[in-house]
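Structure record follows, encoded as C-alpha cells.
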Amino acid sequence: MKKISILFLFAFLTMIGHSQESYTPSDENLKNREWFQDAKFGLFIHWGVYSVMAGGGDQGIAEWIMNQKRIPIEQYEKLPSFFNPTKFDPNKWVATVKKAGMKYITITSKHHDGFAMYDSKVSDYNIVDRTPYGKDILQQLKEACDKEGIKLFFYYSQLDWHHPDYYPRGRTGQGYTGRPQHGDWDKYIDYMNAQLTELLTNYGEVGGIWFDGMWDQIDANWRLDETYSLIHKLQQGALVGSNHHKAPFPGEDFQMFERDLPGENTMGFNQTGTISELPLEMCETMNGSWGFNLKDHNYKSTKRLIQTMVKAAGYGANFLLNTGPMPNGEIQPENVDTLMVMGKWLDKYGESIYGTRKGPIKPLHWGATTQKGKTVYVHVLQLAEDNLLLPKLEQKIESITFFDDGTKAKYKNTEFGTLIHLPYDKRQEVDTILKVEL
Ligand code: JFZ
C-alpha cells in the first residue's frame, strides 16, 4: 500500500515537474543563477544582416530598419547576399570581452527580421544558406568562448517580421512585408520551438536564452509553458529570461530591465516597476542603437557607463552592455575603446563589483552599496557635501577605509545614520569607494 502511494506521488511529481506553472529550478539551474549574479558584467551583441544598412543615415535603432523603412520581405531578402563579414574573428571578440572584464556574451541568434545567424535546418533563411560568407557565426563564437571560459547566451526574438505564420500580426511588421493576411500561429510557435531546439542541442552548454518580442502582442497564445519546459528539459542549467517588460512569468530564471535601472522607467517601457526575487540584469546601449549605426555618434561617456554599472550592482543587477558589430565583422573601434576603459576600471575596483550582491542600502542619488560577506562597499558617485550620511545599518560598523589607499575614514554614528567625512583629495572622478567592515 505504502509502495503504491509513493509510486503515485512520484508519477505526480514528474508530471508537475514538466509544467512551468509549478516550476522548480534544478540544482544546476540554481547554481548557474549564483554564477550569473557573481558575473555582473556581460557583452550584448546585436548582429544581423541589417548591419549592412548601418542605420540608413538615421539616428534610430538600426536593427529595426526593415520595419522603420517599411522594406518588403522580397527586397529585404537581398541583404543577406551583401553580408560577408570577412574580418570576423571570434577569438578577437572574446579577447576584447575578457579585457573589458566581462564574463559572458549574449548574442542575437535571430532578431525581429527573422534571419538566423546560425546554421538552421528548420529554415534556409539563415547565414549559411543565404550569405556569401556561408559560415555559422554562433558556432565559431561558442568555440572561442569555451576556450576562454566565457559563457554564451542566445538572444531569440519571438516576434518575427519574416515568417508568414506569425499571424495574427502584432504592433509591428504590419502592412508592408508582403505576407498574406492569414497564417497558422501554432505552426509559427512550432517553428520557434524547433529553432530553439537547434540552439540548445547543437552548441554544447549555453548560458541561457534571452527572449524578446513578446511585447509585440503580449496577450497572444505564446505557449510559454511549452517553450520554457522544452528549454529546461534540453538544458537544465540554461537560464531563461524575457524582455516582455512585465513581472516574470513562471519558468523564467532571471528578470531583465531594458535601458533602465531596476524599478526605473525613463524609457516608458518598464511600467510595472516590479523587482522580483530572481537574479536581475539591466541592458544598455553605448549610443542610441543596438545594431551598428554609422550616423549615431552620441556615445555615452565611460564615466556614465561605469556609474550605471555600479548602480545596477547596487540593485544586485548585472550590466549587459551592447555593441553592434560592423558588417565586416569587426567591433566598432569607439566601442572597443569604451570597453577597454571599463576593463581598466574593473581591474582596479572589480572586488567591489564581482561576486557581490546588492548592499544594505538601496541606491540613492549619491550612489549605491554592494556587499560581499561582512564587507559593504559604499560607492559614492556624486556628492556635493563634505560628509556622506549613510543611512543606519542593522549591523554595527567595525571600520571604514578608503578602497584606493586603505586609509581610515573619519566617521560618527548619529541617530540618522553614519556621517562619513569625505575629504576632497580622497575623491575619485568616477566612484569613491569606501570599505565598510561589519
Ligand atoms: C527590444 C528590441 O526591439 C530591440 O531591437 C533590442 O533588441 C532590445 C534589446 O530589445 O527593444 C524594444 C522592446 C520593446 C519596445 C521597443 C524596443 N517597445 O515595447 O516598443
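The values are calculated or read from the model by the stated rules, or taken from the named source; none is laboratory data. Everything numeric here is computed off the predicted structure, so don't read it as measured data. Cβ: placed from backbone, ideal geometry, glycine included. Neighbour counts: every protein chain shown.
Out of curiosity, is I73 hydrophobic (A, V, I, L, M, F, W, C), in contact (Cβ under 8 Å) with a residue 24 or more places away in the chain and within 16 Å of the ligand (Cβ to nearest atom)?
The answer is no for I73.
From the set of residues in segment 162-184 that are within 16 Å of the ligand (Cβ to nearest atom) and over 20 Å from V49 (Cα atoms), which is surrounded by the fewest Cβ atoms within 10 Å (Cβ to Cβ)?
If we take residues in segment 162-184 being within 16 Å of the ligand (Cβ to nearest atom) and over 20 Å from V49 (Cα atoms), then R171 is surrounded by the fewest Cβ atoms within 10 Å (Cβ to Cβ).
Would you mind finding the one in F416, F402 that is in contact with a Leu (Cβ under 8 Å, 6 or more places away or on another chain), at pLDDT below 95 and among the aromatic types (F, W, Y)?
Exactly one residue qualifies, and that residue is F416.
Do we have any residue at all in segment 93-105 that's under 30 Å from T302 (Cα atoms), touching a His at 6+ places or on another chain (Cβ under 6 Å) and of a type outside the set (D, E, K, R)?
no
In segment 212-225, which residues are surrounded by 17 or more Cβ atoms within 10 Å (Cβ to Cβ) and near the ligand (Cβ under 10 Å from one of its atoms)?
D212, G213, M214, W215, D216
Residue check: is W35 of a type outside the set (G, A, S), within 15 Å of the ligand (Cβ to nearest atom) and either at pLDDT 95 or above or more than 22 Å from the chain's Cα centre (by Cα) (or both)?
no
Does segment 111-125 contain at least one residue that is away from the ligand (no atom under 16 Å from the Cβ), hydrophobic (A, V, I, L, M, F, W, C) and modelled with pLDDT of 95 or more?
yes
If you take the residues in segment 40-61 that are over 17 Å from P327 (Cα atoms) and outside any loop (DSSP other than H, G, I, E, B), which one is farthest from the ligand (Cβ to nearest atom)?
F41
Only residues in segment 187-204 that are farther than 17 Å from N221 by Cα count as the first member; pair them with residues that are polar (S, T, N, Q) and in a loop (DSSP other than H, G, I, E, B), Cβ under 8 angstrom, at least 6 apart or cross-chain, and list the lot.
Q195/S120; Q195/S123; E198/S120; L200/Q235
Could you pull out the residue among S352, S399 that is over 22 Å from the mean Cα position of the chain (by Cα) and hydroxyl-bearing (S, T, Y)?
Among S352, S399, only S399 is over 22 Å from the mean Cα position of the chain (by Cα) and hydroxyl-bearing (S, T, Y).
For segment 232-243, does any single residue satisfy the condition of being within 16 Å of the ligand (Cβ to nearest atom), of a type in the set (S, T, Y) and within 24 Å of E63 (Cα to Cα)?
Yes, segment 232-243 has at least one match.
Is it the case that some residue within segment 256-265 is within 13 Å of the ligand (Cβ to nearest atom), over 16 Å from T106 (Cβ atoms), touching a Gly at 6+ places or on another chain (Cβ under 7 Å) and modelled with pLDDT of 95 or more?
no
Being of a type outside the set (F, W, Y) and buried (at least 20 other Cβ atoms within 10 Å of the Cβ) is the filter here, so list the residues in segment 147-161 that pass it.
Within segment 147-161, I150, K151, L152, S157, Q158, L159, D160 meet the criteria.
Modelled with pLDDT of 95 or more and in contact with a His (Cβ under 8 Å, 6 or more places away or on another chain): which single residue out of G48, G42 fits that description?
None of the other options fit; the residue is G48.
Would you mind stating whether D113 is within 28 Å of N84 (Cα to Cα), in contact (Cβ under 8 Å) with a residue 12 or more places away in the chain and not in a strand (DSSP E or B)?
yes
Within segment 291-335, track down each residue that is within 16 Å of the ligand (Cβ to nearest atom), in contact with an Asp or Glu (Cβ under 9 Å, 6 or more places away or on another chain) and of a type in the set (S, T, N, Q).
Within segment 291-335, N293, T308, N318, N322 qualify.
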